[in-house]
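Data block below; observations after.
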Amino acid sequence: MSGCRVVATGTFDILHPGHLFYLEESRKLGDELFVIVARDVNVKHKPHPIVPEDQRLQMVAALKPVDHAMLGDETDMFLPIVKIQPDIITIGFNQMFDEEKLKVQLADRNLPAKIVRIGKFPDGELSSSRLIVERIIAKRGS
């Protein structure tokens with residue numbers, strides 16, 4: 001195994017500076033950054049992605065901080081984590097993970113990864129896919 005492996009996860013619908021900040025900050029924590037892009041069928045906590053999963057994957061894979069990008073598993077979100085065996089798993093500032101519950105779920109699978117929550121992107125009003133969509137709709141209506 002190489003050096004410190006970091007995993008970042010997300011939907012990454014309509015890429016924006018907040019996504020890039022999250023991935024850059026995640027990459028700083030280790031030697032290799034693996035990014036797991038959420039499958040369309042698994043995005044249930046917010047509106048369905050506008051950009052299809054294969055295109056979201058392609059865009060994320062092209063970003064400079066990303067060493068490896070892959071789609072998540074459709075039935076078990078931990079399968080890619082088991083394969084990667086990361087040292088660190090990062091969570092974005094607005095991702096709806098209960099960190100304590102996640103620690104227990106990782107321990108149940110003998111995955112000793114440290115969980116690190118990345119802070120909010122400090123600049124820019126459009127650092128949210130939802131806000132970008134709202135702005136587009138507002139502009140269209142005006």
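What follows draws every value from the coordinates through simple rules; no lab data is involved. Because the structure is a prediction, the values reported are computed rather than measured. With ideal geometry, Cβ positions are generated from the backbone for all residues, glycine too; neighbour counts draw on all protein chains shown.
Listed by first and then second residue, the pairs with beta-carbon distance under 9 Å, at least 6 apart or on different chains, first residue in segment 122-142 and closer than 19 Å to residue 21 by Cβ, second of a type in the set (Lys, Arg), are 125/135; 126/135; 127/120; 129/46; 130/46.
Scanning segment 1-22 for residues that are touching a strand residue (DSSP E or B) at 6+ places or on another chain (Cβ under 8 Å) and either of a type in the set (Lys, Arg) or surrounded by fewer than 17 Cβ atoms within 10 Å (Cβ to Cβ) (or both) yields 2, 3, 4, 5. Taken together, the criteria exclude residue 107 from residues that are within 21 Å of residue 19 (Cα to Cα) and out of contact with any Phe, Trp or Tyr (no Cβ under 9 Å at 6 or more places or on another chain). Considering the conditions (1) touching a residue at least 60 places away in the same chain (Cβ under 8 Å); (2) over 14 Å from the mean Cα position of the chain (by Cα); (3) within 23 Å of residue 111 (Cβ to Cβ), residue 81 is excluded by exactly one of them, (2).
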